[in-house]
Amino acid sequence: MKTKKSTLKDYQAKRDFNRTPEPPGDKRIPHKRPLFVVQKHNANHLHYDFRIEENGVLKSWAIPKGPSTNPHEKRLAVMTEDHPLDYAYFEGIIPEGNYGAGEVLVWDIGTFKNLKDKSIEECIKEGKITILLEGKKLRGGYTLIKTQLHPNSWLFFKMHDNEEDPLHSITEEHPESVLTDRTIEEIT
Ligand code: MN
């Protein structure tokens, strides 16, 4: 495994680990199959955090409207700071006064395959990621494309395949945690 400089400095600088139950991110054991997670986060503005494992951290995007299984619904995804790998299992309450205060639940988790013949890091530099998600809710191909609107803005959308489902809203029909079956209200 290549060792790289920590990209978790921004994550750690924003948080006081005596005051938040979030993980400090000192463990970095990569998974055999890279992990993806979607966390529903009831902060000031409800959003969904989409994260994929790369180089021992979770590359992260905040998706205000959440993922869609309809290939024609392209969702804004704002790239945010890298998160530690063990953040993938974090569910609970970030207390008032802390960065990102509010409830967090693990809305989906699973592994993914990079469909490109280059690393996720290189795909990020080039502004296009295509991956196959193997989650409990999200399955099949998804694309992330960088837009010209803002340095951190991307679009996230379903690719056409037999997992596409334009007729249902997966976020409305399946709001619960895949780890504990709880909704945001039940975590509160
Ligand atoms: Mn968030």
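No value in this document is a laboratory result; all are computed from the given coordinates. A quick note: this is a predicted structure, and the numbers were derived from the prediction, not measured. Heads up, the Cβs are rebuilt from the backbone with ideal geometry, glycines too, and the neighbour counts pull from every protein chain shown.
What are the semi-axes of the equivalent ellipsoid for the stretch 114-161, taken as the square roots of 5 times the Cα gyration tensor eigenvalues, largest first, in whole Å?
Working: eigenvalues 77, 37, 13 Å².
Taking √(5λ) for each Cα gyration eigenvalue gives 20, 14, 8 Å.
Report the relative contact order of the chain, percent, no decimals, based on alpha-carbon pairs under 8 angstrom and at least 6 residues apart. It would help to have the intermediate numbers written out before the result.
Details: 417 pairs, mean separation 41.4, N = 188.
Reported as a whole number, the value is 22 percent.
With springs only between Cα atoms under 10 Å apart, run a GNM on the chain and tell me which of ILE63, ILE94, ILE29 wobbles the most.
So, out of ILE63, ILE94, ILE29, the one fluctuating most is ILE29.
Fewest first, what order do LEU35, LEU144 take by the number of other Cβ atoms within 10 Å?
Working: LEU35 18, LEU144 24.
Listing LEU35, LEU144 from fewest to most nearby Cβ atoms yields LEU35, LEU144.
Which of the listed residues, GLY100, PRO84, ASN162, is farthest toward the dipole's positive end in the chain, when Lys, Arg count +1 and Asp, Glu count -1 at the beta-carbon?
So the residue we want is PRO84.
Taking one equal scatterer on every alpha-carbon of the stretch 1-93, how large is log10 of I(q)/I(0) by Debye at q = 0.10, 0.19, 0.21 1/Å?
After summing over all Cα pairs, the log10 values are -0.28, -0.95, -1.12.
Using only C-alpha positions, report the orientation-averaged shadow area of the convex hull of the stretch 75-188, nm², one decimal. Don't skip to the answer; put the middle values down first.
Details: hull surface 34.4 nm².
Averaged projected hull area, Cα only: 8.6 nm².
Which residue fluctuates most in the GNM of the chain (Cα springs below 10 Å): PRO84, PRO24, PRO67?
Judging by the Gaussian network model, the answer is PRO24.
Who wins for biggest fluctuation among GLU96, GLU164, GLU54 in a Gaussian network model of the chain, springs between alpha carbons below 10 Å?
GLU96
Return the long-range amide H neighbours of GLY110 (sequence gap of 5 or more, or a different chain), with a cut-off of under 5 Å between placed amide H atoms.
The list, which skips near neighbours in sequence, is PHE36.
Students often forget the sequence filter, so: which lysines lie under 27 Å Cα-Cα from LYS136 once same-chain residues fewer than 8 apart are removed?
Candidates past the 8-residue exclusion: LYS27, LYS32, LYS40, LYS59, LYS65, LYS74, LYS113, LYS116, LYS118, LYS128, LYS146, LYS158.
Where both residues lie in the chain, what percent of DSSP beta bridges are antiparallel, nearest 5?
Numbers: 51 of 51 bridges.
Once the DSSP bridges in the chain are tallied, antiparallel ones form about 100 percent.
Just to confirm my numbers, what's the Cα centroid distance between the stretch 37-108 and the stretch 137-182 in Å?
12 Å
In the stretch 2-41, which chymotrypsin sites (Phe, Trp or Tyr not before Pro) are in a loop and have at most 13 other Cβ atoms within 10 Å, using DSSP for the loop call? Provide the component values of the computation, followed by the final result.
Working: sites: TYR11, PHE17, PHE36; in loops: PHE17.
Here the sparse-neighbourhood loop sites are PHE17.
If amide hydrogens are placed 1.01 Å from N in the peptide plane, which non-local residues have theirs closer than 5 Å to the one on GLU54?
Excluding prolines and chain starts, which carry no amide H, the hits are LYS59.
Among MET79, MET159, what is the fewest-to-most ranking by other Cβ atoms within 10 Å? Walk me through the numbers on the way to the answer.
Numbers: MET79 18, MET159 15.
Result, fewest neighbours first: MET159, MET79.
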